[in-house]
Amino acid sequence: MEIREIEAFLAVARELHFGRAAADLGISTPRVSQAVRALERRVGALLFERTSRRVRLTPLGERLEDELRPAYDRMERALREAQRSVRPGVLRVGVATSLPEGVPDRPIRAFERAHPQCAVVRSAHPNTDPVRWRGDWPVDLFIGWLPADPSLIRDLGVRVGPALLRDERVVLVAAGHPLARRAVVDAEELVAYDVLYPSRMPERIADLWIPRTTPSGVPLRRVARHASASIEEAIILVGEGDVVHLTVASLHLDDPHVVTVPVYGLPPMICAPVWPAGARNPMIQEFVRVAAETAWHEPTTR
């Protein structure tokens, strides 16, 4: 029996959805379907009842899952222990350039204390890079800003860890901008200004960071000016005075030409680890576990 057939069967049994199972495994939906059909041929009976609306286990499928899942979990644990015993681990951690320095430092240092045998290799990337990486990630996991509801991005084939930080939205404006001296800005007021838009991201994903409309439904004037999608470039573009940028309150600024003003009416963002659903590095789950214990429970202050 092929291990891929077992993995596909257990993933579909868990998700009761072939597409989500494929995303979890980091392979295509047709490959999951083929693996399940191959296992059904070996068994000689259907393991799932499939209709256009739902997927559910047959009684035989339920019995097989009950038998296979504990055995598979034991095999996975044994493999992880064997890997740890023969070589030190390496965990490549990507960090969004727009994060406050202490946010990734806390979980990384806590992980290094808990797992001194595992080397952490850290690198910095624009927050939008994981969307571009898709199936070819240069890191094992990435710590960055996500929508407050992370389920909105899980169809990208990623897993999302617990929120390390929740942060309110602010608008980045030039120091001489009409909004610069305001104590707070209502999101409805943003319709009067050009809002910087991350043009390198798929539109349906970019919409989660920079909404199409205000809370009342009035369209925002979103403009694509980015060449690199980095926060450093956004600061330069805003400093030129003709665009504003929606970001988070904890953004560290070291530029007298720009300021941030709190925005009322938009949901907060979360900072969380995210990694490919099919990733096999056992240190990812260990990092996520440790990171959850170091999370901030209140927003950071500027």
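The values are calculated or read from the model by the stated rules, or taken from the named source; none is laboratory data. Since the structure is predicted, the reported quantities are computational estimates derived from the model, not experimental observations. Note: ideal-geometry Cβ built from the backbone for every residue, glycine included; neighbour counts use all protein chains shown.
Kindly evaluate R280 against the criterion of being surrounded by fewer than 18 Cβ atoms within 10 Å (Cβ to Cβ) and not assigned by TED's automatic domain parsing to the domain that holds W133. Against the criterion (surrounded by fewer than 18 Cβ atoms within 10 Å (Cβ to Cβ) and not assigned by TED's automatic domain parsing to the domain that holds W133), R280 does not qualify.
In the stretch 147-202, what count of residues is obtained for those that are closer than 29 Å to P104 by Cα, surrounded by fewer than 19 Cβ atoms within 10 Å (Cβ to Cβ) and basic (K, R)? Number satisfying all stated conditions: 2. If only residues of the stretch 118-135 that are assigned to a strand (DSSP E or B) and in contact with a Leu (Cβ under 8 Å, 6 or more places away or on another chain) are counted, the one that is surrounded by the fewest Cβ atoms within 10 Å (Cβ to Cβ) is V121. If you go through the stretch 250-264 and keep only what is small (G, A, S) and surrounded by fewer than 15 Cβ atoms within 10 Å (Cβ to Cβ), you end up with nothing.
Can you tell me which residue within the stretch 90-111, out of those that are assigned to a strand (DSSP E or B) and of a type in the set (G, A, S), is surrounded by the most Cβ atoms within 10 Å (Cβ to Cβ)? It comes out as G94.
Listed here are the helices (runs of 4 or more DSSP H) enclosed by the stretch 1-61 that have at least 3 residues being touching a residue at least 40 places away in the same chain (Cβ under 8 Å): 3-15, 18-25. Note on the stretch 111-166: among residues that are among the hydroxyl-bearing types (S, T, Y) and touching a residue at least 12 places away in the same chain (Cβ under 8 Å), the one that is farthest from M283 (Cα to Cα) is T128.
In the stretch 53-74, the count of residues that are out of contact with any His (no Cβ under 6 Å at 6 or more places or on another chain), surrounded by 14 or more Cβ atoms within 10 Å (Cβ to Cβ), under 30 Å from P116 (Cα atoms) and modelled with pLDDT under 80 is zero.
Filtering the stretch 248-265 to residues that are part of a loop (DSSP other than H, G, I, E, B) and of a type outside the set (D, E, K, R) leaves A249, S250, L251, H252, L253, P256, H257, G265. The selection criterion, being over 21 Å from V248 (Cβ atoms) and in contact with a strand residue (DSSP E or B) (Cβ under 6 Å, 6 or more places away or on another chain), holds for D140. Within the stretch 165-204, the set of residues being under 23 Å from G278 (Cβ atoms) and either at pLDDT 90 or above or among the hydrophobic types (A, V, I, L, M, F, W, C) (or both) comprises M201 only.
Taking the listed residues V238, V173, V191, the one that is assigned to a strand (DSSP E or B), out of contact with any Asp or Glu (no Cβ under 7 Å at 6 or more places or on another chain) and over 30 Å from D136 (Cα atoms) is V173, with no other qualifying.
Looking across the stretch 22-52 at every residue that is in contact with a strand residue (DSSP E or B) (Cβ under 9 Å, 6 or more places away or on another chain) and not acidic (D, E), the one that is modelled with the lowest pLDDT is identified as G26.
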